[in-house]
1. If we count every other residue with Cβ under 12 angstrom of Glu150's Cβ, Lys/Arg +1 and Asp/Glu -1, where does the sum land?
2. Return the sequence-ordered ³J(HN,Hα) values of the stretch 71-82 in whole Hz as given by the Karplus equation 6.51 cos²θ - 1.76 cosθ + 1.60 applied to θ = phi - 60°, using x for Gly and Pro.
3. Could you compute how much accessible surface Leu12 exposes when probed at 1.4 Å, giving the result in Å² to the nearest 10?
4. All other residues with a Cβ under 13 Å from the Cβ of Arg77 taken together, and with Lys, Arg as +1 and Asp, Glu as -1, what is their net charge?
5. What order do Tyr60, Tyr80 take when sorted by accessible area (1.4 Å probe), most exposed first?
6. Sum up the charges of everything whose Cβ sits under 13 Å from the Cβ of Gly16, counting Lys and Arg as +1 and Asp and Glu as -1, but leave Gly16 out.
7. What list of ³J(HN,Hα) values in whole Hz, one per residue of the stretch 14-19 in order, does the Karplus curve 6.51 cos²θ - 1.76 cosθ + 1.60 (θ = phi - 60°) give from phi, with Gly and Pro shown as x?
8. How much length is gained if the chain between Lys68 and Asp48 is pulled fully straight, taking 0.36 nm per residue apart and subtracting their Cα-Cα distance, in nm to one decimal?
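The values are calculated or read from the model by the stated rules, or taken from the named source; none is laboratory data. Note that the coordinates shown come from a computational prediction; the quantities given were computed from them, not determined experimentally. So basically every Cβ, Gly included, is an ideal-geometry build from the backbone, and we count neighbours across all protein chains shown. Protein only, heavy atoms only, side chains kept; ligands, DNA and RNA dropped before computing areas. Shrake-Rupley method; radii C 1.70, N 1.55, O 1.52, S 1.80 Å.
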Amino acid sequence: MISSIEKEIVSLLERGDKKAITILYENYADALYGVIKKIIADDDTAQDVLQESFVKIWRYSKKYDSSKAKLFTWLYRIAYNTAIDKVRSQKNKDGKEVQIENSNVYKISADELNQDVMDMQKHLNSLDEKYQIVINALFFEGMTQQEASEELDIPLGTIKSRLKIGLRELKKIYSP
């Protein structure tokens, strides 16, 4: 049974009315924060994830389908997935220390540089724009596939496919 407040929220979301986010926050923020805190112990990070969750809720509000899931279930999945993504991204950042003293980056002579790769931007520009956008986001802007999906508003599977095809096309250029 759907409560009257839930009906009102769904109606506001469907219309894109910003009052929906206020009512959602008032009614669900504590519960969603509890979900996030089970995954993330740090209060500041958990608050950030809660805020990110509400941004995603608003961004995807038109995609909510009451025939597929209850409102709270949909909100829960967004908050839970956002918290998991945050934990994963923190683990990735923590595991990537730069060790300059053991690096040979500064010891490369001009003869050792692959001149074919120096014109990467030119070759990248020869690809279809849909592949350029994905490769730029992932390799030059440092986004994860999930972040690129959200930022570019492209489904994750499409991001992965475009990356694969784009890299295959670049490989044809560099290794004919």
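1. Details: positive: Lys56, Arg59; negative: Glu52, Asp85, Glu147, Glu151, Asp153.
Charge balance in the 12 Å sphere: -3.
2. Along the stretch 71-82, the couplings run 4, 5, 4, 5, 4, 4, 4, 5, 5, 4, 5, 5 Hz.
3. 10 Å²
4. Numbers: positive: Lys56, Lys63, Lys68, Lys70; negative: Asp65, Asp85.
My count for the surroundings of Arg77 gives +2.
5. Details: Tyr60 45, Tyr80 75 Å².
So the residues, ranked largest to smallest area, are Tyr80, Tyr60.
6. Values: positive: Arg15, Lys18, Lys19, Arg59, Lys62, Lys63; negative: Glu14, Asp17.
Net charge in that neighbourhood comes out at +4.
7. Each residue's phi maps through the Karplus curve to give 4, 7, x, 7, 5, 4 Hz.
8. That pair, Lys68 and Asp48, stretches by 4.4 nm at full extension.
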